[in-house]
Amino acid sequence: MNLLQQIVARAKANKQRIVLPEATEERTLCAADRVLADGVADLILIGNIDKIHDLAKRLDLKHIDKATLIDPENCERSEEYAQLLCELRKNKGMTIEQTRELVKNPLYLGCMIIKTGGADGQISGALSTTAETLRPALQIIKCQPGITCVSGAMLLITKQEQYGEEGILVMGDVAVTPMPDANQLAEIAVCTAQTARSVAGFKEPYVGMLSFSTKGSAKHEVVDKVVEATRLARKMEPTLQIDGELQADAALVPSVGQKKAPGSHIAGRANVLVVPNLEVGNIGYKLVQRLGNTIAIGPILQGIARPVNDLSRGCSVDDIYYMVAITACQAMDVKK
């Protein structure tokens, strides 16, 4: 059973309630039908109900009626959600008239459903930008306790099984925070380890804090940031297996790790890689994806109090299907 099959199996074993707020989008509805047919999650589909039914009929989808369908223009709890959103945003000067309009937006409505306990996670992005996906999540659901920044992790699956967890690694941040400071980088490390547990199923994440230096081999303020972030991450989560600063080869290759970082409990065995900034993460995962024939799954958003994930607008039905399962696994972890 490969990693994606394992993720789907975990989702099926403990079904979560996932919101798809772009339910009148063809790929989303096809993925929803497959999720419902396979019993991967319970779904809440937001959109004009007549349009959803018409699209399902045209696409010959047989399972959409298993979902809960909500019309954002005619939701029976709209006023309740508007009042709560107004209370949440009153310090920003938002009025009840404004929030009554906002809760008609499917992305805001989905986050209000999660906020009030009606769902466990949300996925959008087939039609929406990352900013449009994140804005309501940060305004309504907010970050996890002790976390101040959102980040994105990528699952990397390589045929080189001597690396990571039998060829599986988790890398962050590859998607959100361009230039994290030491505190944010520590948060990214803790969150990426959490993703490694909840989504990749790692029993013990071994976090390598990457740099162009290993244990003082180079001096630079960027290296100092990684060293400080490692210290802060240990303080945030004392049981976390983490070390840095490490070059990528020292983190991954046992013989190199022993030579460059003797005595390190992470060098040569890292299965979670934390990069010093977004530029490195985004370039790095795309290089190994294209040149190293590595499967890259994600990005998986992390740091939000309840999972909200973002899709590429070029996503496939498969992408949406597996992101539902990934979001469900994150939701299970939140409930622990």
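The values are calculated or read from the model by the stated rules, or taken from the named source; none is laboratory data. These numbers were taken from a predicted model, which means no experiment stands behind them. Glycine also receives a Cβ, built like all others from the backbone with ideal geometry; neighbour counts cover every protein chain displayed. Remember, those area values only see protein heavy atoms, side chains included, never the ligands or the DNA or RNA. Shrake-Rupley method; radii C 1.70, N 1.55, O 1.52, S 1.80 Å.
Answer with yes or no whether Val227 is in a helix (DSSP H, G or I) and either closer than 19 Å to Val190 by Cα or modelled with pLDDT under 95 (or both).
Here the answer is yes, as Val227 does meet what is asked.
Look through the stretch 222-252, keep the residues that are small (Gly, Ala, Ser) and crowded, with 24+ Cβ neighbours inside 10 Å, and return whichever of them is nearest to Ile266 (Cα to Cα). Working first, answer last.
Taking the stretch 222-252 as the starting set, the residues that turn out to be small (Gly, Ala, Ser) are 229, 233, 244, 248, 250-251.
From what's left, crowded, with 24+ Cβ neighbours inside 10 Å: 229, 233, 244, 250-251.
Working: Ala229: 16, Ala233: 14, Gly244: 8, Ala250: 9, Ala251: 7 Å.
The residue in question is Ala251.
Give the residue, chosen from Lys115, Lys104, that is farther than 23 Å from Ala41 by Cβ, modelled with pLDDT of 95 or more and open to solvent by 10 Å² or more (accessible area, probe 1.4 Å).
Every option except Lys104 fails the conditions.
May I ask you to say which residue of Gly164, Gly172, Gly146 is over 13 Å from the mean Cα position of the chain (by Cα) and either within 19 Å of Arg313 (Cα to Cα) or crowded, with 20+ Cβ neighbours inside 10 Å (or both)? Show your work before the answer.
Values: Gly172 fails: over 13 Å from the mean Cα position of the chain (by Cα); Gly146 fails: either within 19 Å of Arg313 (Cα to Cα) or crowded, with 20+ Cβ neighbours inside 10 Å (or both).
It is Gly164.
Return the residues of the stretch 304-314 that are under 29 Å from Gln184 (Cα atoms) and either more than 14 Å from the chain's Cα centre (by Cα) or open to solvent by 70 Å² or more (accessible area, probe 1.4 Å) (or both); say none if nothing qualifies.
Answer for the stretch 304-314, where residues must be under 29 Å from Gln184 (Cα atoms) and either more than 14 Å from the chain's Cα centre (by Cα) or open to solvent by 70 Å² or more (accessible area, probe 1.4 Å) (or both): Arg306, Ser312, Arg313.
Out of the helices (runs of 4 or more DSSP H) lying entirely within the stretch 233-336, which hold 1 or more residues that are closer than 23 Å to Asp33 by Cβ and in contact (Cβ under 8 Å) with a residue 24 or more places away in the chain?
The helices (runs of 4 or more DSSP H) meeting that bar are 317-335.
Looking for something at pLDDT below 95 and surrounded by fewer than 23 Cβ atoms within 10 Å (Cβ to Cβ) - is there at least one such residue anywhere in the stretch 193-200?
No, the conditions are met nowhere in the stretch 193-200.
Restricting to the stretch 62-92, name every residue that is among the hydrophobic types (A, V, I, L, M, F, W, C) and either more than 27 Å from Lys12 (Cα to Cα) or more than 28 Å from the chain's Cα centre (by Cα) (or both).
Cys75, Ala82, Leu84, Leu85, Cys86, Leu88
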